[in-house]
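To start, the structure under review is shown below, and the notes come after it.
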Amino acid sequence: PLPEGPLDRLGPRTITDPAVLRRDVEQARARGYATAVEELEPGLWAVAAPVRDAGGTVVAALSISGPTARLRDGLLDELGRVVRDEAATLSSRIGYDDAKRGAA
């Protein structure tokens, strides 16, 4: 469950509105990876995707992060797809079968 009240600001672009956070989480689920640009600390971006066990439970995540000075248009989406695909491969190796369960 997501928090209902206002959220603490950790970085210059931290999502503090629960409704905006819910939309962001829905978008991440649809893409299969999450992004953060200066949400945790100034000058940091990251992408991450879930790793699931045979039962479909998220047991880990794969992520890539770097300085925003090196961020270019399309890089988050490009790396997000790579991380999502590698997380899916790892999930498959530990027994997760998304074909049987639907998309992750």
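Annotations for the structure displayed:
- Selected residue (only one of T35, T14 is part of a strand (DSSP E or B), among the hydroxyl-bearing types (S, T, Y) and either within 24 Å of A69 (Cβ to Cβ) or without any contact (Cβ under 8 Å) to a residue 12 or more places away in the chain (or both)): T35
- Residue in segment 64-83 that is of a type in the set (A, V, I, L, M, F, W, C), within 28 Å of Y96 (Cβ to Cβ), in contact with a Gly (Cβ under 9 Å, 6 or more places away or on another chain) and open to solvent by 60 Å² or more (accessible area, probe 1.4 Å) present: no
Yes/no per residue for (1) small (G, A, S); (2) on the phi < 0 side of the Ramachandran plot; (3) without any contact (Cβ under 8 Å) to a residue 24 or more places away in the chain:
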residue	(1), (2), (3)
A19	yes, yes, yes
A30	yes, yes, yes
P42	no, yes, no
A54	yes, yes, no
L75	no, yes, yes
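- Scope segment 1-42; condition touching a helix residue (DSSP H, G or I) at 6+ places or on another chain (Cβ under 8 Å) and of a type in the set (A, V, I, L, M); matching residues: L2, L7, I15, A34, V37
- Pick from segment 50-90, criterion among the polar types (S, T, N, Q) and over 15 Å from the mean Cα position of the chain (by Cα), ranking: nearest to E38 (Cα to Cα): T68
- Identity of the residue in segment 15-56, modelled with pLDDT of 95 or more and of a type in the set (S, T, Y), that ends up surrounded by the fewest Cβ atoms within 10 Å (Cβ to Cβ): T35
- Verdict on L90 being open to solvent by less than 40 Å² (accessible area, probe 1.4 Å), farther than 18 Å from L2 by Cα, part of a helix (DSSP H, G or I) and free of Cβ contacts under 8 Å to residues at least 60 places away in the same chain: no
- Among (1) touching a strand residue (DSSP E or B) at 6+ places or on another chain (Cβ under 8 Å); (2) not in a strand (DSSP E or B) - the single one E4 does not satisfy: (1)
The values are calculated or read from the model by the stated rules, or taken from the named source; none is laboratory data. Just so it is clear, the model here is predicted, and its values are computed rather than measured. Because the Cβ atoms are built from the backbone with ideal geometry, glycine has one as well, and the counts that use them run over all protein chains shown. Heavy atoms of the whole protein, side chains included, go into the accessibility calculation; ligands, DNA and RNA do not. Shrake-Rupley method; radii C 1.70, N 1.55, O 1.52, S 1.80 Å.
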